[in-house]
Amino acid sequence: MMKTTYLFSLNGIACFLVWDDNIASGDEFVYKDISFFRTFPQPGFAWAAVVGYQLMNWYAQNRFCGSCGAITLEKKNERALVCTNCQTTIYPKISPAIIVAIIDGDRILLARNSNFIHNWYSLIAGYADIGESLEEAVQREVKEEVGLEVHNIMYYKSQPWPFSSSMMIGFFAEVVHSREICIDNKEITDAAWFKRGQLPNHPPTISIAGEMIELFERDDVGV
Ligand SMILES: [Zn+2]
């Protein structure tokens, strides 16, 4: 019998993960790389695919208990796995990451990351560390990556990013003057101030980064 795991309900339709590797061998289904869904025109299907992908990885990586090594089983009443031996409960892991648009009047700081596949300039981003507030993470990442200080840090909104099991938490912030941009030359290969109306290639608005850059471009930030 085909092994399935209930994932979630989408518009009243129950969605299951099918663990059988051979399901796509016929003409009816085809495998795609998960990045295919980054630009997929139907957001509901794209959401189901990428969140299903995130959950599949989580289930696959937690088949055994990290405390005692025994097999885990799905918990019945909530999304969790429970160890069959020591009863440790394992919840899905979501990594909080800040993303910050640094504003200086009619200029925005955009940076090129060495991991970008496109020739894009985007916002400064990074994972929050243990024991650190999100505001502290914003200040640390900005300092580490471009050598600047920011203040007036304002929360904008968040966006789950299932490709990396992250929660992107967006902020606008104002630069504190007296410092020059000093890039880390590891993650960041270039960073500069760009004036409204003269922005370089940047991510599309499907991502929170693209959305925030577009808000700046339309002078709709409110900073
Ligand atoms: Zn255990």
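Worth pointing out:
- In segment 55-68, the residue that is farthest from Ala192 (Cα to Cα) out of those that are of a type in the set (A, V, I, L, M, F, W, C) and within 16 Å of the ligand (Cβ to nearest atom) is Cys68.
- Residue check for Ser9: small (Gly, Ala, Ser) and part of a helix (DSSP H, G or I): no
- Matching residues, segment 87-116, being within 16 Å of the ligand (Cβ to nearest atom) and assigned to a strand (DSSP E or B): Thr89, Ile90
- Close contacts from segment 96-120, counting a first residue that is over 15 Å from Glu187 (Cβ atoms) and among the charged types (D, E, K, R) and a second that is outside any strand (DSSP E or B) and at pLDDT below 90, with Cβ to Cβ under 8 Å and a gap of 6+ residues or different chains, come to Asp104/His177.
- Inter-residue pairs, beta-carbon under 7 Å, first under 16 Å from Tyr6 (Cβ atoms) and outside any strand (DSSP E or B) and in segment 62-86, second more than 8 Å from the ligand (Cβ to nearest atom) and aliphatic (A, V, I, L, M), 6+ apart: Lys75/Leu81; Lys75/Val82; Ala80/Ile90
- Scanning segment 93-119 for residues that are in contact with a Lys or Arg (Cβ under 7 Å, 6 or more places away or on another chain) and either surrounded by 15 or more Cβ atoms within 10 Å (Cβ to Cβ) or in the same structural domain as Asn62 (by TED's automatic domain parsing) (or both) yields one hit, Arg107.
- Pair list, Cβ under 6 Å, 6 or more apart: segment 152-168 residue of a type outside the set (Ser, Thr, Tyr), other residue modelled with pLDDT of 95 or more and assigned to a helix (DSSP H, G or I): Ile153/Glu135; Ile153/Val138
- Residues that are surrounded by 14 or more Cβ atoms within 10 Å (Cβ to Cβ) and among the hydroxyl-bearing types (Ser, Thr, Tyr) within segment 128-169 comprise Tyr156, Ser158, Ser165, Ser166, listed in sequence order.
- Odd one out for Ile71 among (1) more than 16 Å from the ligand (Cβ to nearest atom); (2) not assigned by TED's automatic domain parsing to the domain that holds Pro200: (1)
- Lone qualifier among Val82, Val30, Val51 - being more than 16 Å from the ligand (Cβ to nearest atom), surrounded by 15 or more Cβ atoms within 10 Å (Cβ to Cβ) and either among the β-branched types (Val, Ile, Thr) or under 25 Å from the mean Cα position of the chain (by Cα) (or both): Val51
The values are calculated or read from the model by the stated rules, or taken from the named source; none is laboratory data. This one's a predicted model, so the numbers in the text were calculated from it and none came from an experiment. Every residue, glycine as well, gets a Cβ built from its backbone with ideal geometry; the counts of neighbours run over all protein chains shown.
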